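Everything below concerns the one structure shown next.
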Amino acid sequence: MNMDLKNKIISVIGLGKTGIATANFLSLRGAKVSIMDSKSHDHLSELASQLFPDVKAVYKNCEPHPDSEMVVISPGVDIESSFLKRSRQKGVEIISEIELASRFNSASLIGITGTNGKSTCTSLIGEILKEGGINVTVGGNLGTPFISLLDQEQVEYRVLEISSFQMEATHSFHPKIAIVLNITPDHLDRHKSFEQYAGLKEKIYANQTKKDFLILNQDDPSAHSLGKNCPAKKIRFSVESPLEYGVYVQNGKIFASIDEFEGEIFALSALSRGLLWQVENVLPALATALLLGIPLESIQKVLGSFTGLEHRLEWVCNRDGVDFINDSKGTNVGSVCKSLNTFDR
């Protein structure tokens, strides 16, 4: 669903990476764009230099332009913010960057959400698909904003990490494959309750149809019961027990039973050091690869060579028989507990 943006008055809230990408995308399509931020020009001058010349920047004020026909909020902006009240009262549409990008996207989408492990799973899926010969780009909450991917080369798939913040003002996001890794309490200063936070995670599959796929963590109490009213085909993954349909770990090996594929995929001991303690994030990536028909040899090649991401259960060194692990991206209790539970010593 493309939109006619010519001469449309649009306010973008948040002069960060996503906000700048959004403002420039809108400007390129003829919209009259203003971008607002609560910080001063001195704090944002380097970022502001990336804006197209016809984008108007407003500092120390997040109030949208009074004549705005649409407001696009960055992930860090709470949709319930008081400075959006007047726009809401006037009936102005308030959407997220993810929603805007969804309206212009033409590629199939793979969306990954969850409290922990999103970035690793997203990156791994991208690498496996590339190795398997699929034209793909990776972004979203990880690296490149979704909106920026649209002005890059045409691809078959876009693999997107999606946060709860990004889902707040999203209505038409429709991934062909949606993945919910896990759900534990996080960002409750923003979302007020765990129920509200979990509800935002569920939005990732809200528009799926029976032609789509929903991949869920069988071991996670909050994630495994999701999707009861979703028509998409469900695929489960588990590190704790075998599954009749899905991807699972048994006797130190990864197995899968998905459509035409049934059998062993890889031994845990042969995983690259970057994945050795990330098995729970590996399994949904494998389910995705099998659904898309990636050859087993391509999957195995990436599993043995993937370097992992910085600060995410990143092996640093071994001194006197002690492994030192950098997990500084583990910024909530659930993440720390999950990381500690991956070690066998």
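Throughout, read-outs are computed from the coordinates displayed, never taken from laboratory work. All figures in this text were calculated on a predicted structure; none of them were measured in a lab. Glycine gets a Cβ as well: all are built from the backbone with ideal geometry, and neighbour counts include every protein chain shown.
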What 222 nm value per residue comes from the helices of the chain, counting each DSSP H run with n ≥ 4 as -39,500 (n - 2.57) and dividing by all residues, nearest 500 deg cm²/dmol?
-7500 deg cm²/dmol
In a Gaussian network model over the chain where Cα atoms closer than 10 Å are linked, find which of 61, 141, 217 has the largest mean-square fluctuation.
61
Assuming 0.36 nm per residue, please report the length gained on full extension of the stretch residue 193 to residue 172 beyond their Cα-Cα distance.
5.2 nm
Hey, what did region 9-99 get for relative contact order, percent, Cα under 8 Å, at least 6 apart?
34
Straight-line reach check, residue 85, cutoff 23 Å on alpha carbons, 8 or more apart in-chain or any other chain, hits among lysines -> 8, 32, 39, 56, 60, 192
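Would you mind telling me the antiparallel percentage of the DSSP bridges in region 9-99, rounded to 5?
Around 5 percent of the beta bridges assigned by DSSP in region 9-99 are antiparallel ones.
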Candidates 17, 234, 203; GNM for the chain (alpha-carbon contacts under 10 Å) flags as most fluctuating 17
Relative contact order of the chain (C-alpha contacts under 8 Å, at least 6 apart) in percent is 12
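Would you mind classifying the chain by shape? Square roots of the alpha carbon gyration tensor eigenvalues, ordered a ≥ b ≥ c; an a/c under 1.5 is rounded, otherwise it is prolate if a/b is larger than b/c and oblate if not.
Values: a/c = 1.92, a/b = 1.71, b/c = 1.12.
Note, shape of the chain comes out prolate.
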Hey, what do the phi angles of region 30-38 turn into as Karplus ³J(HN,Hα) couplings, whole Hz, using 6.51/-1.76/1.60 and θ = phi - 60°, x for Gly and Pro?
x, 6, 9, 10, 10, 10, 10, 7, 6
Pull out a ≥ b ≥ c, the square roots of the eigenvalues of the alpha-carbon gyration tensor of region 105-303, then state rounded if a/c is under 1.5, prolate if not and a/b is larger than b/c, and oblate in the remaining case.
oblate
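Where both partners of a DSSP beta bridge lie in the chain, what percent of those bridges are antiparallel, to the nearest 5?
On the way: 17 of 60 bridges.
In the chain, DSSP labels about 30 percent of beta bridges as antiparallel.
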Sort 81-91, 31-41, 149-159, 279-289 by the packing proxy (mean of other Cβ within 10 Å over each peptide's residues), most packed first.
279-289, 31-41, 149-159, 81-91
Whose amide H sits under 5 Å from the amide H of residue 58, counting only residues 5 or more places off or on another chain, with H placed in the peptide plane?
35, 36, 37
